[in-house]
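Working notes, beginning with the structure itself.
The values are calculated or read from the model by the stated rules, or taken from the named source; none is laboratory data. Note that this is a predicted model, so its numbers are computed, not measured. For neighbour counting, all protein chains shown are included, and Cβ atoms are generated from backbone atoms with ideal geometry for every residue, glycine included. Each accessible area value is taken on the protein alone, full model and side chains, heavy atoms only, with ligands, DNA and RNA left out. Shrake-Rupley method; radii C 1.70, N 1.55, O 1.52, S 1.80 Å.
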Amino acid sequence: MSRATRAASADAKRHIVIVNVPRTALAADIRRTLRQERVIGVDDIHIDLYRFAPNRRAYLTLSHPDFLQKNIAKLEKSSVGGFLVNAYPADPPAVIPELRGVKGRQLAAKRGAITGTGPSGGVPSNGKHVCISGLPPKASPESIKEYLQKFGLSKLDDKTEIYQIPLPDNAFSLYSRHLLRTQSVSDSYHVVRRIHMSHFQPEVFGKKFQVHACVVR
């Protein structure tokens, strides 16, 4: 492929990947940088996640390839949350089909399809999901629900959805990670405030399993 052909191929792209994004950054933080740098033609922003944890990348979807090179030039040496970032043309990120309805999510969990990897982890970025990690490897949804109820989280019932996030192939861990679906954004943040850095069943395990919780955005 000639240099001219490669350049034409790059110009035809409609996605930009921003790297070195701080792990705490939200789409709103990136949008603030776009306004400051006068980046135009951005239709969508997705934080890229690995098992529901930010991996310091974000994807921008442009309305037209003509905006690509100018926007990349504007983003070079810009910053997000005080971190200098870099921007590159990108292929479209892998799209994970949205999991619709309780049955759809339950079937996906049985297939091991709720991996939390990809743009927004493959779940709607509406703030109604909490990732809970640091749990025992065989922690059940029932035991997690019981643990949460000890913190006075009264909105949990038989319909509460808790799904275990599978490990990658050939991986091993002494801990497990789960996804909790809540009824509202405020419920999600309430859960995180109550349980983050607490210990799971300390009467059984002592301080062996320290819990980490974050809202998936």
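Structure values in brief
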quantity: The one condition in (1) touching a residue at least 40 places away in the same chain (Cβ under 8 Å); (2) under 29 Å from VAL17 (Cβ atoms); (3) open to solvent by 20 Å² or more (accessible area, probe 1.4 Å) that SER188 fails to fulfil; calculated: (3)
quantity: Residues within the range 14-53 that are surrounded by 17 or more Cβ atoms within 10 Å (Cβ to Cβ), touching a residue at least 60 places away in the same chain (Cβ under 8 Å) and not in a strand (DSSP E or B), tallied; calculated: 5
quantity: Test set (1) farther than 21 Å from ALA25 by Cβ; (2) free of Cβ contacts under 8 Å to residues at least 12 places away in the same chain - GLN201 fails condition number; calculated: (2)
quantity: Matching residues in the range 186-217 - criterion: being in contact with a Leu (Cβ under 8 Å, 6 or more places away or on another chain), in a loop (DSSP other than H, G, I, E, B) and not β-branched (Val, Ile, Thr); calculated: PHE200, PHE209, ARG217
quantity: Scan of the range 128-141 for residues that are under 10 Å from the mean Cα position of the chain (by Cα) and either open to solvent by 10 Å² or more (accessible area, probe 1.4 Å) or more than 15 Å from VAL211 (Cβ to Cβ) (or both), ordered by number; calculated: HIS129
quantity: Condition broken by GLN183, with the remaining ones in (1) of a type outside the set (Asp, Glu); (2) touching a residue at least 12 places away in the same chain (Cβ under 8 Å); (3) part of a helix (DSSP H, G or I) satisfied; calculated: (3)
